[in-house]
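Trainee: I have a structure here, written as structure tokens, and I will follow up with some questions on it.
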Amino acid sequence: MGKVSITLQNTDEGRMLVDAIVADNPAAEVSRMPALTKIDCEDRLSLRRETIEERIGRRYDLQELQLSLISLAGNVEEDDDSFTLAWSRGASPKHS
């Protein structure tokens, strides 16, 4: 299929988001640069609101992700609880 990616600013919140993404996607490849962090993952990359809240220590609306986002590659599928990048539509995993 190919790799999807997300690039985030290296702010305090951005770094916590990176930690959450890596926790939810152990196969992700992380490239840290001075102003940003790029995360690549084969086929799909999913981020769960619950994982972010554990790191940030507060309720988190996934729309807040836009404040740290620089770029992404892949089709986006999101709801209140998850944000998924994948090249095929309709393939996001459901979390229990």
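Trainee: Search the structure for amide H atoms under 5 Å from the amide H of Asn75, placed 1.01 Å from N in the peptide plane, and list their residues when 5 or more places away or on another chain.
Mentor: Ala86, Trp87
Trainee: Pull up all non-local amide H partners of Ser82: gap of 5 or more, or a different chain, and H-to-H distance under 5 Å with H placed in the peptide plane.
Mentor: Long-range HN contacts for Ser82: Arg49.
Trainee: To continue, here is another question. Please list, ordered by chain and number, the residues whose modelled amide H lies under 5 Å from the amide H of Lys3; skip anything fewer than 5 residues away on the same chain.
Mentor: Here the answer is Asp43, since their amide H atoms fall under 5 Å of that of Lys3.
Trainee: Each residue of region 17-26 in turn: what ³J(HN,Hα) in whole Hz from Karplus with 6.51, -1.76, 1.60 and θ = phi - 60°, glycine and Pro shown as x?
Mentor: 5, 4, 4, 5, 4, 5, 4, 7, 9, x
Trainee: List the relative contact order of the chain as a percent without decimals, with contacts defined as Cα pairs under 8 Å and 6+ residues apart.
Mentor: RCO, the chain: 33 percent.
Each reported figure results from applying straightforward, stated rules to the coordinates on display, with no laboratory input. Note that the coordinates shown come from a computational prediction; the quantities given were computed from them, not determined experimentally.
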